[in-house]
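Colleague: One structure follows; several queries about it will come next.
The values are calculated or read from the model by the stated rules, or taken from the named source; none is laboratory data. Because the structure is predicted, anything quoted here is derived from the model rather than measured. Because the Cβ atoms are built from the backbone with ideal geometry, glycine has one as well, and the counts that use them run over all protein chains shown. Ligands, DNA and RNA are stripped out before the accessible areas are found, and what is left, the full protein with its side chains, is counted by its heavy atoms. Shrake-Rupley method; radii C 1.70, N 1.55, O 1.52, S 1.80 Å.
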Amino acid sequence: MVLSKGFEIEIYTGTPQGDIVGLSDKITSELDGFMREPDSRNVEYVTAPFFDYEQLLCGLLCPRLKLRKYLQKLGNYTLIPGSTLSLGGSDKFLRSDPNSAYHEYIEQTYGTKVVTASVHINVGISDPEILMRACRVIRLEAPLYLALSASSPFLDGKASGYHSTRWGLFPQTPSYVPLFTSHADHINWVEQQLESGTMQNVRHLWTSVRPNGDRRPYDLNRLELRICDLVTDPIALLAISALLEARLLQVIDNPNLDPLIKSSFSPEELIAITTQNEIACATSSLDAQLIHWADGRTIKARDWISELDESATAIAKQYGFRCFLSPLQKILREGNQAQRWLQLHSLGVSSRNVITQAISSIRERELELEDKLCSSLVA
């Protein structure tokens with residue numbers, strides 16, 4: 001049994017020089033499959049859920065190729081990597097829909113802290129109680145996926161001190177979200193938040209991981225990992241997703257793999273630990289010193305991921321997706337995007353030159369993959 005997987009991709013548009021330009025009103029009115037965010041400088045697309053990684057790769061890549069063609073028609077515009085307003089513009093919010101009351105609320109409440117780009121990874125789990133247990137495990141291991149994906153070390157042209165500035169500054173909402181002990185517990189909690197106004201609607205649950213479905217919080221069918229920065233290399237994103245899928249297959253197979261059973265800490269202590277671990281990974285990503293939820297030992301993020309990868313490799317081999325997991329080793333060896341960018345920056349390369357080099361690199365990567373895999377699917 002493999003699980004269905006899909007992505008929600010938020011990405012910035014702008015110039016080849018790295019300046020981010022708001023074009024979402026034009027994109028969403030003229031291109032099917034793209035949705036606007038509250039700020040006009042990024043745009044979102046969603047892949048269909050697939051069981052097969054080759055299909056998922058095409059689902060990830062083909063809309064980007066279509067968007068690139070459209071941006072070239074508009075002018076000399078391109079896609080901008082990174083998850084924050086790397087080179088400037090964080091002083092103002094550029095509304096994509098001036099008539100939206102929800103967008104008005106977001107601008108007034110959060111400002112440009114939410115003008116970010118990211119990837120949300122959705123994995124199908126239909127049993128609500130297994131889904132809740134999976135959310136408990138992945139909530140406590142979500143910092144590891146942030147460590148792998150960090151891609152926002154710059155803000156307004158300067159190194160911010162974070163590897164993931166996006167997650168370091170992002171307003172998680174509500175401010176305290178417990179580990180849900182059951183589906184009923186989750187339903188009751190969400191209803192309370194909606195009644196008290198700490199959540200404006202069922203989508204207004206901005207935490208590292210959440211259960212998702214067609215009629216939240218009642219009808220749920222997938223886990224949504226929301227912590228990841230935007231990963232522009234599709235092969236790296238599939239590797240991170242393969243690690244998540246392998247871990248979820250372990251959770252499904254072992255009912256005792258549950259922090260409420262396996263951990264020596266109380267649920268409240270576990271939330272405090274994972275909050276601390278998220279801050280550490282937002283700051284230092286793969287080099288962060290973390291506290292393991294099971295036994296409290298201190299462990300470097302890179303080493304914890306290596307431990308998970310070892311058991312995940314056997315599962316991925318069993319289910320036929322080992323080749324998609326194996327590029328994870330390259331991330332562990334060479335660093336995530338933020339670390340590679342900061343390495344260049346430490347050698348004297350300006351933040352603008354780092355971003356412009358990355359713009360060229362992701363375009364070359366897309367062309368390489370298009371030629372290899374799915375040129376036949378792009379009209």
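Colleague: Checking the conditions here, which among Leu61, Leu85, Leu71 is touching a Leu at 6+ places or on another chain (Cβ under 9 Å) and under 26 Å from Lys5 (Cβ atoms)?
Modeller: Leu61 is the lone residue from the list that is touching a Leu at 6+ places or on another chain (Cβ under 9 Å) and under 26 Å from Lys5 (Cβ atoms).
Colleague: Right, something else. Being of a type in the set (Ser, Thr, Tyr) and buried (at least 16 other Cβ atoms within 10 Å of the Cβ), is that true of even one residue in the range 286-309?
Modeller: no
Colleague: A further question follows. Counting only residues that are of a type in the set (A, V, I, L, M, F, W, C) and open to solvent by 50 Å² or more (accessible area, probe 1.4 Å), which one in the range 174-201 is modelled with the highest pLDDT?
Modeller: The selected residue is Ala184.
Colleague: Taking the condition of being of a type in the set (S, T, N, Q), open to solvent by 40 Å² or more (accessible area, probe 1.4 Å) and outside any helix (DSSP H, G or I), how many residues in the range 314-345 meet it?
Modeller: Residues in the range 314-345 being of a type in the set (S, T, N, Q), open to solvent by 40 Å² or more (accessible area, probe 1.4 Å) and outside any helix (DSSP H, G or I): 1 in total.
Colleague: Next question. List pairs: first residue in the range 175-192 and more than 16 Å from Ser208 (Cα to Cα) and of a type in the set (S, T, N, Q), second residue open to solvent by 80 Å² or more (accessible area, probe 1.4 Å) and modelled with pLDDT of 95 or more anywhere in the structure, Cβ distance under 8 angstrom, at least six positions apart or on different chains.
Modeller: Once the first residue is more than 16 Å from Ser208 (Cα to Cα) and of a type in the set (S, T, N, Q) and sits in the range 175-192, its partners that are open to solvent by 80 Å² or more (accessible area, probe 1.4 Å) and modelled with pLDDT of 95 or more give Ser182/Glu129.
Colleague: Just wondering, is there one or more residues in the range 206-213 that are in a loop (DSSP other than H, G, I, E, B), in contact (Cβ under 8 Å) with a residue 12 or more places away in the chain, in contact with an Asp or Glu (Cβ under 8 Å, 6 or more places away or on another chain) and surrounded by 13 or more Cβ atoms within 10 Å (Cβ to Cβ)?
Modeller: yes
Colleague: For the range 346-374, which positions are surrounded by 16 or more Cβ atoms within 10 Å (Cβ to Cβ), of a type outside the set (A, V, I, L, M, F, W, C) and within 18 Å of Ala236 (Cα to Cα)?
Modeller: Selection gives Arg363, Arg365, Glu366, Glu370.
Colleague: Please go through the range 130-158 and pick out each residue that is hydroxyl-bearing (Ser, Thr, Tyr) and part of a loop (DSSP other than H, G, I, E, B).
Modeller: Passing the criteria: only Ser151.
Colleague: Taking the range 1-25 on its own, how many of its residues are of a type in the set (Ser, Thr, Tyr), within 21 Å of Ala101 (Cα to Cα) and either in a loop (DSSP other than H, G, I, E, B) or open to solvent by 50 Å² or more (accessible area, probe 1.4 Å) (or both)?
Modeller: Final tally of qualifying residues: 0.
Colleague: Return a yes/no flag: does the range 284-298 have any residue that is over 25 Å from Tyr162 (Cβ atoms) and small (Gly, Ala, Ser).
Modeller: yes
Colleague: Which of (1) in contact (Cβ under 8 Å) with a residue 12 or more places away in the chain; (2) farther than 27 Å from Tyr162 by Cα is the odd one out, the single condition Thr78 does not satisfy?
Modeller: All conditions are met except number (2).
Colleague: Test Asp229 against the stated conditions and say whether it is in contact (Cβ under 8 Å) with a residue 12 or more places away in the chain, within 30 Å of Leu194 (Cβ to Cβ), under 14 Å from the mean Cα position of the chain (by Cα) and open to solvent by less than 60 Å² (accessible area, probe 1.4 Å).
Modeller: So Asp229 fits the description; yes.
Colleague: Let me ask something else about it. Could you list, in sequence order, the residues of the range 157-173 that are open to solvent by 50 Å² or more (accessible area, probe 1.4 Å) and within 19 Å of Arg203 (Cα to Cα)?
Modeller: Scanning the range 157-173 gives a single hit, Gln172.
Colleague: Also, I was wondering about something else. Please note which strands (runs of 3 or more DSSP E) are completely contained in the range 26-129 and include at least 1 residues that are within 23 Å of Arg210 (Cβ to Cβ) and open to solvent by 30 Å² or more (accessible area, probe 1.4 Å).
Modeller: Strands (runs of 3 or more DSSP E) meeting the threshold: 34-36, 42-46.
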